[in-house]
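*Asks:* Take this structure, written in structure tokens, and hold onto it; I'll ask about it next.
The values are calculated or read from the model by the stated rules, or taken from the named source; none is laboratory data. On a predicted model such as this, the values are computed, not experimentally measured, just so you know. A quick note on method: Cβ atoms are made from the backbone with ideal geometry, for glycine too, and the neighbour counts reach across all protein chains shown. Accessible surface is based on the protein model in full, side chains and every heavy atom, while ligands, DNA and RNA are left aside. Shrake-Rupley method; radii C 1.70, N 1.55, O 1.52, S 1.80 Å.
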2 protein chains.
Amino acid sequence: MGEKLTAVTMKTLANKLGVSVTTVSNAYSKPDRLSSELRDQILATAKDLGYCGPSAAGRALRSGKTDVCGFLFRGGISSAFSDPYSIMLLAGLSEAVEVYGASVLLLRAPAADEEDNQVVRRAAIDALVVGPTYGQESEIEALRQRGVRIVRTEPSPEDDWVTINDAKAGRLVGKHLAQLGHHRIAVIAPADTDEDVDVFDYSPDRLDSRITPQPWETERVRGLWEKLPGAHLQVALARDCTRQAGREAAAAVLDVQDRPTAIVALSDVLALGVWDAASERGLTPGRDISIVGFDDIPDAAFLGMTSVHQPITDKGRLIGRLAMDPDYPQRQITLPVELIVRSSTGPAPKN
Amino acid sequence: MGEKLTAVTMKTLANKLGVSVTTVSNAYSKPDRLSSELRDQILATAKDLGYCGPSAAGRALRSGKTDVCGFLFRGGISSAFSDPYSIMLLAGLSEAVEVYGASVLLLRAPAADEEDNQVVRRAAIDALVVGPTYGQESEIEALRQRGVRIVRTEPSPEDDWVTINDAKAGRLVGKHLAQLGHHRIAVIAPADTDEDVDVFDYSPDRLDSRITPQPWETERVRGLWEKLPGAHLQVALARDCTRQAGREAAAAVLDVQDRPTAIVALSDVLALGVWDAASERGLTPGRDISIVGFDDIPDAAFLGMTSVHQPITDKGRLIGRLAMDPDYPQRQITLPVELIVRSSTGPAPKN
DNA sequence: ATCGTTAACTTCATCGATCAACTGGAGGTT
DNA sequence: AACCTCCAGTTGATCGATGAAGTTAACGAT
């Protein structure tokens, strides 16, 4: 009987007060278009009736604004949350987006073999942040046509982006290791595969053929290679981008006769795993073996990891700003990188 | 001239194919209501015209479903991302929510002193996950009236929840420390304040008056107290729930004449800070001083922290299920806790 | 006295999709 | 032959709000 048969809408308020629906709408979104007395009266009545402001759906449909910024994860959500890099990026992004009164919607990108996922197409968003390249460009294209602004973390001709110079990051590491006299070097790269750890001698083509080529990965290795002419460069593929996977991959290159004198992990999470693997074998990082990471996440810095710093949180903030503000002047941005030398690297052992 | 004046909608498709809009709609959401030939034809045409599926706004308005689950953060987003607990919870939540084809929307709860934030009211969500209690119940109430399902991480008469028995968690720790012979104990509690570290002798009332009473905090201390009759229990308030804050708070209780023999941090992140503070003073956890945390996060487990384990990711998953499935039978769930004894606790030193 | 302007509202059309109810025909029943 | 059912669609109303374009009345300027 006394059930709530109809929801409270602007119409309810309008009828009760004898004003038009538009006026009620204005009370919320354009306060200067009506007398403040009436506005107060409307808001008071709203509170009385339990009306909690304009419905997002109606508003979104009519005005086309949702005040939501999508964040597209590659692979599973779990992978995103297991890497401090993603988390810090997300933190910066949220912070910036919040300033515009918007929120962040986490979207899972379908894996390459999944059928097109409706989750992304169905998202009600004003802008979409796309992480490291991910096959399904057609979905993104469709969203773009619908007026969704796209912001990427890698250069792209059509969209806005905020990135770092990954090749330079690689070169910084290469130069550092060259100066320390390292010649036998292993690279740990994430591969997103279930297979066993795979180790092979580096060449650009071979790397591309083994992993879904992610620009940030190939660029980093390329830069590294550039500054290490004549070095013996191996690549070990890690199952995914986690500490444990880094540990396993490192094990594969450490447990051989002529182990490398330096190990470069393409991200700090992997580098932490390398550290674990080294410690377990009684090797002291920086003395018996050099370890370098990328991204300079706090956990690694804390241990004394030599790493290429990038302003991750600032990157997130900038991305958020680009996403929410179509008038922000600079729309394709490269942030600086810097090698932070700590205790995990040292001269190559002389044996 | 050739600008895109009108977006491609279902109407566009319907006109082009000479069918009704409803049929186009059905092609997407009710495939069994039309012949598969026609459906294929519609989808093909959609691809041709660059139509990317039903607009979320229209769909949300008419059907009332958004396929979005809100997650309300207390305090700033930054605090949420700085605690592995939140992140693991979020990971589990996302994973579960995804199964229902939905996504997670991150919402920042306004601080107590901010004016009501529209972000929350404007959110287009089917369900809302509310973390540790947060003042603005009226906003939540309004959403509830609009049909948004509320799921909490703490017991609540009106809503669904998934929680742990915090008092029991406290008792487990208390019992453990009692058995080890500890009598001088300090508790590190997060306070969300900018003031200096504050240390005082424990009593339920005093604790409540110092911090915004969060049930999980007060319950944990209460349980602890229960199993430590006659012990000298101090409380030190940490600025917030970060490692650094834990370190500072621990410093305040360590740098005194009769320092406690055991320190209980109300969360593992804080406990890590305590560990740092102890190490800096040359104290070995488990021998010179015992340290206990809660939540059993990987970083702490890795170091050997004694902690009360709770299935955080599963908690997130369950919360997601409750949020997305109104028919899930059990709607108020208490998950088990378990004390994991590691190297950070040991017998109280005899001096 | 007339015109222009502004404040404070109202009217009307519309955003894009979905639901409830209905239709025409093919096929099966009794 | 009359009746029922199911399939494959159609029609029309509607979700809740907002932008564009009026409409008043009051006021000041000329």
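*Asks:* When the Kirkwood radius is taken over all Cα pairs of region B:68-164, what Stokes-Einstein diffusion coefficient follows at 25 °C and 0.890 mPa s, in µm²/s?
*Replies:* Approximately 180 µm²/s, per Stokes-Einstein.
*Asks:* If you don't mind, another one. How far is B:R281 from itself in the other copies, in nm, if each label sits 7 Å out from Cα along the Cα-Cβ line, shortest first?
*Replies:* Distances between equivalent label points, in nm: 3.9.
*Asks:* If exposed means no more than 16 neighbouring beta carbons inside 10 Å and the site is in a DSSP loop, what's the longest run of chain A without any exposed GluC sites (Glu not before Pro)?
*Replies:* My reading of the result: A:196-351 is the longest stretch.
*Asks:* So how much slack lies between B:T133 and B:T212, counting 0.36 nm per residue of separation and subtracting their Cα-Cα distance, in nm?
*Replies:* Full-extension gain reported as 27.5 nm.
*Asks:* Report, to the nearest 10°, how far helix A:312-324 tilts away from the longest principal axis of the Cα atoms in chain A, using its own Cα long axis and a range of 0 to 90°.
*Replies:* On a 0 to 90 degree scale, this one is about 30.
*Asks:* Further question on the same structure: Could you tell me how far the Cα centroid of region A:318-351 sits from the Cα centroid of region B:272-332, in Å?
*Replies:* First find each Cα centre; the distance between them is then 32 Å.
*Asks:* Tally up the carbon and sulfur contribution to the accessible surface of the protein assembly as shown as a whole percent, 1.4 Å probe, everything protein left in place.
*Replies:* Taking all protein chains in place, the protein assembly as shown shows 50 percent carbon and sulfur surface.
*Asks:* Assign one of three labels to region B:166-310, namely rounded, prolate or oblate, based on the Cα gyration tensor with a ≥ b ≥ c the square roots of its eigenvalues; rounded applies when a/c is under 1.5, prolate when it is not and a/b is larger than b/c, and oblate otherwise.
*Replies:* rounded
*Asks:* What percent antiparallel are the DSSP beta bridges of region B:166-310, to the nearest 5?
*Replies:* Roughly 15 percent of the beta bridges in region B:166-310 run antiparallel, per DSSP.
*Asks:* Just grab the label-to-label distance for B:K65 and B:L49, each label 7 Å out from Cα along the Cβ direction, in nm (one decimal).
*Replies:* Simple spin-label model gives 2.4 nm for this pair.
*Asks:* Now for a separate question. Return the aspartates and glutamates within reach of B:K168: Cα separation strictly under 18 angstrom, same-chain partners fewer than 8 residues apart disregarded; answer none if there are no such residues.
*Replies:* Output for B:K168: B:E154, B:E217, B:E219, B:E226, B:D268, B:D295, B:D296, B:E338.
*Asks:* For A:I340, which inter-copy label distances result when the label point lies 7 Å beyond Cα on the Cα-to-Cβ vector, reported in nm to one decimal and in ascending order?
*Replies:* 2.8
*Asks:* Which far-off residues, 5 or more places away or on another chain, put their amide H under 5 Å from the one on A:I340, with H placed in the peptide plane?
*Replies:* A:S307, A:V308, A:H309
*Asks:* If I model a spin label as a point 7 Å beyond the Cα along the Cα-Cβ vector, how far apart are those points for A:S29 and B:D32 in nm?
*Replies:* Placing both labels 7 Å along Cα→Cβ, they lie 4.0 nm apart.
*Asks:* Could you work out the relative contact order of chain B? I mean the mean sequence separation of Cα pairs under 8 Å and 6+ apart, divided by the number of residues, in percent.
*Replies:* 18 percent
*Asks:* Once the Cα atoms of helix B:36-49 and of chain B are each reduced to a long axis, what angle between those two axes, in degrees from 0 to 90 to the nearest 10, is obtained?
*Replies:* The helix B:36-49 is inclined about 80 degrees to chain B.
*Asks:* Okay, next question. By how many degrees, between 0 and 90 and to the nearest 10, does the Cα long axis of helix A:84-99 differ from the longest principal axis of chain A?
*Replies:* For A:84-99 against chain A, the angle is about 30 degrees.
*Asks:* For label points placed 7 Å from Cα toward Cβ, what is the shortest-first list of nm distances from A:S209 to its copies?
*Replies:* In nanometres, ordered from closest: 7.6.
*Asks:* Something else: Which semi-axes, in whole Å and largest first, does the equivalent ellipsoid of region B:10-54 have when worked out from the alpha carbon gyration tensor as the square roots of 5 times its eigenvalues?
*Replies:* Ellipsoid half-lengths, sorted descending, are 14, 10, 10 Å.
*Asks:* Then there is this: Kindly identify chain A as rounded, prolate or oblate by the Cα gyration tensor criterion: order the square roots of the eigenvalues as a ≥ b ≥ c, call it rounded if a/c is under 1.5, otherwise compare a/b with b/c, prolate if a/b is larger, else oblate.
*Replies:* Taking the square roots of the gyration eigenvalues as a ≥ b ≥ c, chain A is prolate.
*Asks:* If we restrict to alpha carbons, what Rg and Dmax does the protein assembly as shown come to, in Å?
*Replies:* 27.8, 91
*Asks:* Quick one: length gained pulling B:E226 to B:F302 fully straight, 0.36 nm per residue minus the C-alpha distance?
*Replies:* 24.4 nm
*Asks:* On to the next question. Which distance in Å, rounded to a whole number, links the C-alpha centroids of region B:179-242 and region A:35-93?
*Replies:* Using only Cα atoms to place each centre, the spacing works out to 36 Å.
*Asks:* OK, next. Checking the table B:K175/B:K315; A:K11/B:K315; A:K30/B:K16; B:K16/B:K65; B:K11/B:K65 against a 30 Å threshold on Cα-Cα, which pairs fail?
*Replies:* A:K11/B:K315; A:K30/B:K16
*Asks:* Another one. Solvent-accessible area per residue for the protein assembly as shown at a 1.4 Å probe radius, Å²?
*Replies:* Value for the protein assembly as shown: 45 Å² per residue.
*Asks:* On to the next question. Principal axis extents for region B:179-225, Cα atoms only, whole Å, descending order, please.
*Replies:* The Cα atoms of region B:179-225 stretch 36, 22, 15 Å along their principal axes.
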